[in-house]
Amino acid sequence: MNVHDSEQMAELLKQAGHEETTQEKKADLLIVNTCSIRRKAEQKVMSLLGRYRGLKETKPSLLIAVCGCMAQKYGDELKEQFPQVDIVVGTHNIDRIPGMIERVRREERPPAETDFRESVPSIGIIAPPRRGAVSAFVTIMQGCNNFCAFCVVPHLRGREESRPMKEIVREVEYLAEQGIKEITLLGQNVNSYGGMLKNGDNFPRLLREIDAVEPLKRIRFTTSHPKDLSSELMACFGSLNKLCEHIHLPVQSGSNRILERMNRRYNASEYIEKVEELRKFCPSIAITTDIIVGFPGEEEEDFRDTLKLMEAVKFDGAFSFKYSIREGTRAAAFEGHVDEGVKGIRLMELQALQERHTLDWNRSLEGRTEEVLVEGFSRNSGKDMTGRTRSNRIVNFPGSSALIGKMLPVKITEAHAHSLRAERTDEEEVPHAG
Ligand code: SAM
Ligand code: SF4
């Protein structure tokens, strides 16, 4: 989501007459878009700001701006701690950056803009796709109302706000006209899309509208909260041609006691029932997840319950994290913080299990023909192209740049832990999605 926020910011600044550069040394303004989800992300920003101090010493006219979650959280403190920072803009105030640049140039040092607004003005900025891009993000909502005990999002991004359906569909139509084949709809909990619009619009309805947009080929979305995953939404996987067979459904833990402490509002068996129902609607669906180890109070037995749930579901992939204390969240004040060493051991065991499951799924595809959307050159070889299957698996295969943007059938020849190897078939481009 932060990547898309950065794209929107670049567009906003372009409209205000600025030009983008990827070379730090050439830039007159450096913007650091930050995340506070885990402590590690914050530490990276601190060291980056240290490096930028050196750049500013050699070029005093350079402006440095910090925006996103850390800007929201620390506000003016950031400017005190890092005197090289000129501008601090919180999560609701991206639209104010151009005005703040003007103010700094008039030799004012504007205070941090961190107020929460009724509606986030930058929510609808349409970032034109990059040259040659085949996929794009579309924000459908901001903020979150769930207050999971470990999470800073509601505190730093504010309450949930859905964009009107018409605006979203118009943006998707524009992107498809620009040659975008695949869009990913973004929100912290897309399943609750529309709830606050109070006009009957909901996420399945939005998906059906977008499915009718031509010449778009693929739709993805992230993220889904399991408690709000409705049968109506699950049915979309079996009935909408463009909706790719993949869902990211963060479970966080397999222990009922920990899930309750996390305020997730489902238990392990309810989660497994949802997975079973999803697989009934769409047997080939790939299911990925997020898991936190070492949440306060997590005992060895709770961790074993997480491994059991993983065995029961057999996820296609998982992002797993050691719990990291986030000030201001409920869990920060909980008793029973788990030793860092123990968290590390649990994480390693969990990741080893997940690697086995991912490899099993990948191996089950060997010999099969899959549709890939060709994205560009493979990272590892200039002779290989890379793309994703509808189930979101990375596939590398021999080819040339002429294939970028095409939907190709390829035959999977070899499964690896993080990708698949394939060869071209004699068939030409897949004419229709689905
Ligand atoms: N909205 C999504 C959901 O409800 O599942 C998740 C959004 S959060 C930005 C992405 C992931 O970061 C979470 O699913 C969680 O696993 C992880 N995360 C959030 N807070 C964390 C914390 N304090 N420590 C470790 N991981 C955390
Ligand atoms: Fe954070 Fe996601 Fe929970 Fe919202 S639903 S509080 S974003 S983890």
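The values are calculated or read from the model by the stated rules, or taken from the named source; none is laboratory data. Worth saying up front: this structure is predicted, and the values here are computed from it rather than measured. Virtual Cβ from ideal backbone geometry, glycine too; neighbours counted across all protein chains shown. Just so you know, the surface numbers come from the protein's heavy atoms only, side chains and all, with ligands and any DNA or RNA stripped out. Shrake-Rupley method; radii C 1.70, N 1.55, O 1.52, S 1.80 Å.
Rolling a 1.4 Å probe across the protein heavy atoms gives segment 346-434 an accessible surface of 53 Å² per residue. Taking amide H positions as modeled 1.01 Å from N, with prolines and chain starts lacking one, the residues under 5 Å from residue 246 and 5 or more places away or on another chain are 286.
Residues considered: 379, 390, 424. Largest GNM mean-square fluctuation over the chain, using C-alpha springs under 10 Å, is found at 379. Between the residues 123, 262, 50, the greatest Cα displacement towards the positive end of the dipole of the chain, with unit charges on the Cβ of Lys, Arg, Asp and Glu, is found for 50.
Its relative contact order, with pairs defined as Cα atoms under 8 Å and 6+ residues apart, puts segment 275-434 at 18 percent. Taking θ as phi - 60° and the Karplus parameters 6.51, -1.76 and 1.60, the scalar couplings of segment 119-125 work out to 9, 8, x, 7, 4, x, 5 Hz in sequence order, x denoting glycine and proline. Here the 3J(HN,Hα) profile of segment 84-91, calculated from phi with Karplus coefficients 6.51, -1.76 and 1.60 at θ = phi - 60°, is 6, 7, 9, 10, 10, 10, x, 5 Hz, Gly and Pro shown as x.
Please compute the length gained on full extension between residue 276 and residue 400, using 0.36 nm multiplied by the number of residues separating them and subtracting their Cα-Cα distance. Value of the extension gain: 40.6 nm. Database remark: amide H of residue 322 closer than 5 angstrom to the amide H of 293 (H placed geometrically; neighbours at sequence offset of 5 or more, or on other chains; Pro and chain starts carry no H). Stretching the chain fully between residue 147 and residue 199 yields a gain of 16.2 nm (0.36 nm per residue, less the alpha carbon separation).
Need one number: the % of Cα-Cα pairs in the chain sitting beyond the 30 Å mark. It works out to 50 percent of all Cα pairs. Mean-square fluctuations from a GNM of the chain, with a 10 angstrom spring cutoff on Cα atoms, peak among 242, 411, 14 at 14. Taking the helices alone, the chain has a mean residue ellipticity at 222 nm of -10500 deg cm²/dmol, built from -39,500 (n - 2.57) per DSSP H run of at least 4 residues and averaged over all its residues.
3J(HN,Hα) along segment 31-42: 10, 9, 8, 10, 10, 10, 4, 10, 4, 4, 4, 5 Hz, from the Karplus curve 6.51 cos²θ - 1.76 cosθ + 1.60 with θ = phi - 60°, whole Hz, x for Gly and Pro.
Taking amide hydrogens as placed 1.01 Å from N in the peptide plane, the amide H of residue 189 sits under 5 Å from those of 223, each at least 5 positions away in sequence or on another chain.
Taken about its Cα centre, segment 294-394 carries a charge dipole of about 560 debye when Lys and Arg each add +1 at the Cβ and Asp and Glu each add -1 at the Cβ. Per atom type, segment 330-434 shows carbon and sulfur on 50% of its accessible surface, probed at 1.4 Å. Mind running the shape call on segment 85-202? Use the C-alpha gyration tensor, a ≥ b ≥ c as the square roots of the eigenvalues: rounded below 1.5 for a/c, prolate if a/b tops b/c, oblate otherwise. In terms of gyration-tensor shape, oblate.
Our summary gives the chain a relative contact order of 10 percent, counting only alpha carbon pairs under 8 angstrom and 6 or more residues apart.
Among 418, 155, 357, the largest mean-square fluctuation in a Gaussian network model of the chain, built with springs joining Cα atoms closer than 10 Å, belongs to 418. The Cys residues in the chain with no partner Cys Cβ within less than 4.7 Å of their Cβ are 35, 67, 69, 144, 236, 244, 282. What the Cβ-Cβ distance of residue 360 and residue 106 gives, at R0 = 60 Å and to the nearest 0.05, is a FRET efficiency of 0.45.
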